Structures are given as structure tokens and as C-alpha cells.
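Novice: Next up is a structure, given as C-alpha cells.
The values are calculated or read from the model by the stated rules, or taken from the named source; none is laboratory data. The model shown is predicted, which means the values in this text are computed figures rather than measured ones. Because the Cβ atoms are built from the backbone with ideal geometry, glycine has one as well, and the counts that use them run over all protein chains shown. Accessible surface is based on the protein model in full, side chains and every heavy atom, while ligands, DNA and RNA are left aside. Shrake-Rupley method; radii C 1.70, N 1.55, O 1.52, S 1.80 Å.
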Amino acid sequence: MSLSPKERLLDTLEKKRVDRPPVICTGGMMNAAIVDVMNHTGHTLPEGHFRADLMAELAADVHDDTGFENFGIPFCMTVEAEVLGSEIDFGSLACEPKIVREPYASTESVQFRNIGAMLDAGRVRSVAEAAHLLSKAHPEVPVIGSISGPISTAASIVDPTTFLKELHKKREPSHRVLDYVSDFLVEFARLLVDGGASAICIGDPTATGEILGPRLFSEYAVPYLNKVIDGIHAAGVPVLVHICGEMRAVKQYIPTLHCDAISTDAFVNLKLLKEEYPQLTTMGNLSTYLLEFGEPDKVSRHAANLVRDGIDIISPACGLSTSSAIGNIQAMTATVKGD
Amino acid sequence: MAKTKEALWQELSDSVLEMEEDRAVAAAEEVVAQGYDAFEAIERGLSAGMERAGQLFEEEEYFIPELLICSDAMYAGMDVLKPHLRQDDIAEKHKVVIGVIEGDTHDIGKNLVKTMLETSGFEVTDLGRDIAPARFVETAKEIGAQLIALSTLMTTTMEGMGAVVRQLREEGIRDNFKVMVGGGPISQGFADRIGADGYAVNAAEAIRLARSLVGASESVAA
């Protein structure tokens, strides 16, 4: 009997043998709610960022139209920053939400809010409710709750240039803010798990080797990512982590992350990474450039290469452009599924 | 005993490289107190230090946070020295318009490129972040820029870069400006596709590209 998409993903994350790799797109920074899908179904953004029912419907549309074998919610990475105090521009159909202004000029001026109150604020409950609606209606499909990583979240509430400098110059307040943000992220993720999320994906695009370098990556990114991962593991679900950009400078630290799968950008040769660290469950990394500008044939060849290279979970390499062609994404998912 | 100007240049350069803002300010104040030439101190001291920092960045010894702190030290020293520049020091420079394309508010990469361009003797007009394509074109015309530098970190906003090039073409002024692009999702392939003149993978590379696009020689700073 063939595996359900949820069984296939969870088995893969437990390093069990499966018939073929799952092909997924996690939501969050790897949002797959592209314009082609929304135009076809009429469930649209930015409305879908707010209402649980619309979020669930749009996530289901993405699943149905693209062939990705999961539901990925939310469709942005601003849910956390919003309740932590940032001003958000919710964007449009084609343009994802973004931070308009970070509320704090320095890590020293961050005001620590009550975590319980933040869980009742903004869109936090809507995302959890969407997870609930999706998991009830489609128990065989994994709901992936996507959250922003601790470094990216902290750099969304403190002016990011200052934040990066203070990782050097004001270490104690930097640690305090990251600890606070991590505590909140664990509780947010747990609400998503309570709602019915089968796995959590942490996208931390600011925590890259290119930006931080090895010293700051090991001092800040590794411990706080692990703190969040451990907190989510305690709630009983696996965790995927996406690291953006070129990884060479911090590659040695990747095996020290406690996550169940590591997703990387298109520059990283996942086959070589896997050869060097066979213990890693790898995820990725079909070029989003190719998905936007390429042809279905070429997308299909690249997807087949990833499967042949033994990549454990096939996924876009980074955030998809909302103007990516649905035909390219279908070529990717169909190839992996062997349709 | 008073330090020689060469010793102060070295001190300025080292304090930028070693990320010590207060030390850069103190050395700059001493340059002024000794009556040494401010322009030389900027070129041979502060800019030279920033170039050394850029070198360490290329060698992956320094990363973005370190470069940001170095540039703070450089600007702090610069603030002390600038009022003491003589009128004839302020030569005609190559002009650049830089900014982050509309829809995107990530500006750390753009800020670094801006700093390095200023260090390398460009006159930079920084439009900031979330900037409509038309504003790049308007500003470039207005100030007579040679170069338009566009940055974005988001795949969703890349097309705005293409819109800048298209507008230049439509107005028949494409050849008046060089356009360079950079940022996380950008590649040489993308730059070619939209008809930009160049792509740089990081801030250090961006400076080399900018110099070659405007036909400028390597900086004299040692």
C-alpha cells in the first residue's frame, strides 16, 4: 500500500525508508501562494493573511494546484514581528507583507512583552485555527506551520543594521533579546502544533553564513535555533530548518543543529553536503530563478537530478516569486511523484 | 612628541580596520590639531582602512556585522575631518544613484555598497529603501549620474530592476547611464536578461564593477 503524503514526510524525517522523496513547499518565507493559483481560485491575498478560513482555503488551493504534498501556512514571515511590535505593510495579491518599521533602535531598548498576551494578538490565533481546519479536513496531508527564526525575528523588531553591529558590540542585550524572541517562537509553534501542524519549519534568512560569518553564527544562530527546535520537539513534532545563501563559512555547524531536516539555497550542492555529513536529512533545492523564468522541461530535469542525487525532501531552494508559472511548479511536483 | 602624519594615517587606518570608532575620532582630531592635511588623512588613513576591511571581507575573515562597524568608525573619523577639507580637494567625482527597489525594505547590503562606493571616491545619492523604478531614473537624470545601482533581497521585487532599464530605454536615454544590480536572488543570468550592465555578488565585487563601468582607475589609497 502506498504511503499517504503525511506518512511519507514524517517517515522521511524519522530517517525511515520511503518509496520516493516527498515534494513540499513549507509556507512562511517559502510561500507558494502564487498569483496563478489565486487568480484561478479567487481566494486571495492579502485577505488570506488575516482570516483563518481563507488562509486554510488558499493553502488547500496551493496544494491542489501545485501538487506540493503539504499545506504550508502562513504565507509570510511577519506574524511574529507584528505581535512583537513592528509595523507591517500587508502587501497585495502579488507582493508579500513586509516590515515597514522596526520599533526598537537598539537591542537595549526592546520592551519585553507578555508572551501569553502576544499569543492572543495579531494573526497568531488565525494561523493556528487555519492549521486546525486543514488538519481536520485532510488528515492524510501534513500541515507545516512555518515560523521565522530567532535571528530574523530579532532583526525584524530591532533596526537590522544596528542589530547586526550589536551582536559584536552589545552581546549581553543581544542574547537577552534573542532569548525572549526564542521563548515566544516556541510558544507560537506549540499553538500551531496544538492546532494540528504535523511539522514546523523555521526559516531564518538573516541567520546565514554570508551575513553572520562562522563566529557569530555559532555564538547566536546555533544556540537559539536549537532552543526553538528543542521547544518544538518537546511538543512532539519534527522541525525543518531553512538556511539561506552560500553556506561554506558555517557548514561545520550545520550538523550541530538539532533539526530533523536541513533545507538550503540553490548554491549549495546538497549531494556533496550529504556525502560529507551522511547523518543529515537534506531538503531542497530547486532554483527559484528556474521556477520563475525557466521552462517546464528544464525544471523537470533539475527535479529528476535532485531525486537521483538522493536528496531526501524535494522543495524550492528559497522563497518563490509570486509570479512563478504554475506549469513550472507542476512540472517539478509531477517529476518527483513519477506522474 | 607629536605624531608624524604617516603615523596618524596608520592609526586612522588601523582604528577603522579594528572597528574602534573612538580611536578613529581621536586620531582624526589629532590630524586637525597638528594642522595636517584632512584630504590626505581621509585618503591614506580612513579610506585605506576601509579597503583593508573590504579585503578581509573578501577573504571571509570579516562578515557583514564587522564591515558595518568598520564603516561606523570610518564615518566618525570622516565627520571630524570633512570640515577641514580645502575647496580644491573636492574634485569632480563619479556620481551614483543607489537604492533598494520598490516592495523591499532590506537595505543592509545596499548600505554596505554605498559605504564602499564612498570610500572609493564615488559621490553617492542614496534614495533609501522601497523605491519606485521611476525615481531612480528621475534622480539619475537630475544629478547627472553615471551609474544607477539597484539592490533587492526579495525574488518578488526583482522585476522592478527590469522596469528601471525599460524606462531608460523608453526615454531613449539608456546609453547615458550604466546600471548595476545585486542582492540575494540576483544572478548574472538575471542581469543579462533585464539588460543591466553588470552584476556583483557582494559589496567588494560591486566596487570593482562600479569602477570598471565608469572607467575609473583603482583608488590611490594604499
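Novice: Going by amide H atoms built from the backbone, whose H comes under 5 Å of the H on A:HIS242, apart from near neighbours?
Specialist: When sequence neighbours closer than 5 places are left aside, the close amide H contacts are A:ILE202, A:GLY203, A:ASP204, A:SER263.
Novice: Calculate how large, on average over all directions, the projected area of the Cα convex hull of segment B:94-214 is; give the answer in nm² to one decimal.
Specialist: For segment B:94-214, averaging the hull's shadow over all directions gives 5.9 nm².
Novice: Here's a follow-up. Local charge sum around A:ILE88 (other residues, Cβ-Cβ under 14 Å, Lys/Arg +1, Asp/Glu -1)?
Specialist: Once all neighbours under 14 Å are counted, the net charge is -4.
Novice: Let me ask something additional. Test of the criteria: in segment A:1-56, which trypsin sites (Lys or Arg not before Pro) are in a DSSP loop and have at most 12 other Cβ atoms within 10 angstrom of their Cβ?
Specialist: Listed in order of number, the matching sites are A:LYS15, A:LYS16, A:ARG17.
Novice: Taking the convex hull of the Cα atoms, report for the protein assembly as shown its projected area averaged over all directions, in nm².
Specialist: 26.0 nm²
Novice: Taking all protein chains together and a probe of 1.4 Å, list B:LEU117, B:LEU153 from the most accessible to the least accessible.
Specialist: Of B:LEU117, B:LEU153, the descending order of accessible area is B:LEU153, B:LEU117.
Novice: How long is the gain from A:VAL307 to A:ASP183 if the chain were fully straight, where each residue apart is worth 0.36 nm and the alpha carbon distance is subtracted?
Specialist: 41.0 nm
Novice: Let me ask another. For chain B, build the charge dipole from Cβ charges (+1 Lys, Arg; -1 Asp, Glu) around the Cα centre, then report which of B:VAL201, B:ILE101, B:GLY128 sits farthest towards its positive end.
Specialist: With unit charges placed on the Cβ atoms, the residue in question is B:ILE101.
Novice: Using the Kirkwood formula on the Cα atoms of segment A:140-287, what hydrodynamic radius do you get, in angstrom to one decimal?
Specialist: Answer for segment A:140-287: a Kirkwood hydrodynamic radius of 15.5 Å.
Novice: For B:ALA2 paired with A:THR256, estimate the spin-label separation in nm (one decimal), with each label point 7 Å from Cα along the Cα-to-Cβ line.
Specialist: My value for the distance between the label points is 5.1 nm.
Novice: Can you list the GluC sites (Glu not before Pro) in segment A:69-163 that are in a DSSP coil and have 15 or fewer other beta carbons within 10 angstrom?
Specialist: A:GLU140
Novice: Within segment B:3-42, list the residues whose amide N lies under 18 Å from a label point set 7 Å along Cα→Cβ of B:GLN87.
Specialist: Once the point is set 7 Å along Cα→Cβ of B:GLN87, B:38-39 turn out to lie under 18 Å by backbone N, inside segment B:3-42.
Novice: Given a cut-off of under 8 Å on Cα pairs at least six residues apart, what relative contact order in percent is computed for segment B:94-214?
Specialist: Computed over segment B:94-214, the figure is 28 percent.
Novice: Suppose the Debye formula is applied to equal point scatterers at every Cα of chain B; what is log10 I(q)/I(0) at q = 0.18 Å⁻¹?
Specialist: Per q value, in the given order, log10 I(q)/I(0) is -1.21.
Novice: Let me ask another. Antiparallel DSSP bridges in the protein assembly as shown: what percent, to the nearest 5?
Specialist: 10 percent
Novice: Which value, in square angstrom to the nearest 100, describes the accessible area buried between chains A and B on both sides, using a 1.4 angstrom probe?
Specialist: Buried area between the two chains comes out at roughly 2200 Å².
Novice: Just read off the accessible area of A:HIS63 with the full protein assembly in place, 1.4 Å probe, to the nearest 10 Å².
Specialist: We get 40 Å² for A:HIS63.
Novice: Taking a cut-off of 20 Å between Cα atoms, list the lysines near B:LYS95, but don't count ones fewer than 8 places away on the same chain.
Specialist: Straight-line reach from B:LYS95, under 20 Å: B:LYS82, B:LYS110, B:LYS114, B:LYS141, B:LYS178.
Novice: May I pose another question? Which lysines have a Cα lying under 26 Å from the Cα of A:LYS298, excluding residues fewer than 8 positions away in the same chain?
Specialist: Leaving aside lysines fewer than 8 places away in the same chain, those within reach of A:LYS298 are A:LYS271, A:LYS274, A:LYS337.
Novice: Would you pull out the residues with amide H under 5 Å of B:LEU150's amide H, same chain only if 5 or more places away, H placed 1.01 Å from N?
Specialist: Result for B:LEU150 returns B:MET180, B:VAL181, B:GLY182.
Novice: ³J(HN,Hα) across segment B:134-147 via Karplus (A = 6.51, B = -1.76, C = 1.60, θ = phi - 60°), whole Hz, x for Gly/Pro?
Specialist: For segment B:134-147, the Karplus curve yields 4, 5, 4, 5, 4, 5, 4, 5, 4, 8, x, 6, 8, 9 Hz.
Novice: Around A:LEU286, which amide H atoms from residues at least 5 apart in sequence, or from another chain, sit under 5 Å from its own amide H, with H modelled in the peptide plane?
Specialist: A:SER315, A:ALA317
Novice: List the residues of segment B:138-159 that lose 50 Å² or more of accessible area once all protein chains are present, compared with their chain alone (1.4 Å probe, heavy atoms only, no ligands or nucleic acids).
Specialist: In segment B:138-159, residues shielded by partner chains: B:THR155, B:THR156.
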